[in-house]
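The values are calculated or read from the model by the stated rules, or taken from the named source; none is laboratory data. On a predicted model such as this, the values are computed, not experimentally measured, just so you know. Please note: Cβ atoms are built from the backbone with ideal geometry, for glycine as well, and neighbour counts cover all protein chains shown.
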Amino acid sequence: MAARRTSVWLGAGAVSLGAYYMYQAGGSPKVAEKQMEHDAARLSSKVRGELPGKEKEIKTQGKVYAEQAGQKIDSAIDDAKATTNKVDAKLEGYRANAEKKINEYRKEAGKDLTSAVDKFDKTVEEKAAQSKSWIGSWFGK
């Protein structure tokens, strides 16, 4: 029974430790892993009291910083992409609106043109009919 309780407590401690590192890393498993390695190297260095352990600690700290910098760069790139997508969506909206307006103006201009052509045809036909009657009066028709 005591062994079972011990394993439960050890498991709970391991889960808590993992949760702590995930929280400190902002939810990034890679950063959490590098931070855990760094802390383990530092603890190892303190326990042994050796200078070579310091070298490993510095190396793992460099990996942690590199991973964190990569994460920040990735988030900046994602933000830039999101902003670009918003601008693209706005421009597409403006383009669609302009196309709609152009089509409306085309229809309106087409109606005006058709009306003007019909009016011109009617006038030409009337004048032609008048001319025929006028010329016909000369020749007695």
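Of all residues in the range 1-28, those being under 30 Å from LYS72 (Cβ atoms) and assigned to a helix (DSSP H, G or I) number 11.
Taken residue by residue, the range 41-53 has at least one member that is among the β-branched types (Val, Ile, Thr), loosely packed, with under 10 Cβ neighbours inside 10 Å and part of a helix (DSSP H, G or I).
Residue-wise test of (1) loosely packed, with under 10 Cβ neighbours inside 10 Å; (2) in contact (Cβ under 8 Å) with a residue 12 or more places away in the chain; (3) under 24 Å from PRO29 (Cα atoms); (4) of a type outside the set (Val, Ile, Thr).
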| site | (1), (2), (3), (4) |
| --- | --- |
| LYS72 | no, no, yes, yes |
| THR84 | no, no, no, no |
| LEU91 | no, no, no, yes |
| GLU108 | no, no, no, yes |
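Of the residues making up the range 13-34, those that are among the small types (Gly, Ala, Ser), within 25 Å of the chain's Cα centre (by Cα) and exposed (fewer than 13 other Cβ atoms within 10 Å of the Cβ) are GLY26, GLY27.
Yes or no, residue by residue, for (1) in contact with a strand residue (DSSP E or B) (Cβ under 8 Å, 6 or more places away or on another chain); (2) modelled with pLDDT under 80; (3) not polar (S, T, N, Q):
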position	(1), (2), (3)
GLN35	no, no, no
GLY49	no, yes, yes
LYS54	no, yes, yes
ILE73	no, no, yes
ILE77	no, no, yes
LYS81	no, no, yes
THR84	no, no, no
ASP88	no, no, yes
LEU91	no, no, yes
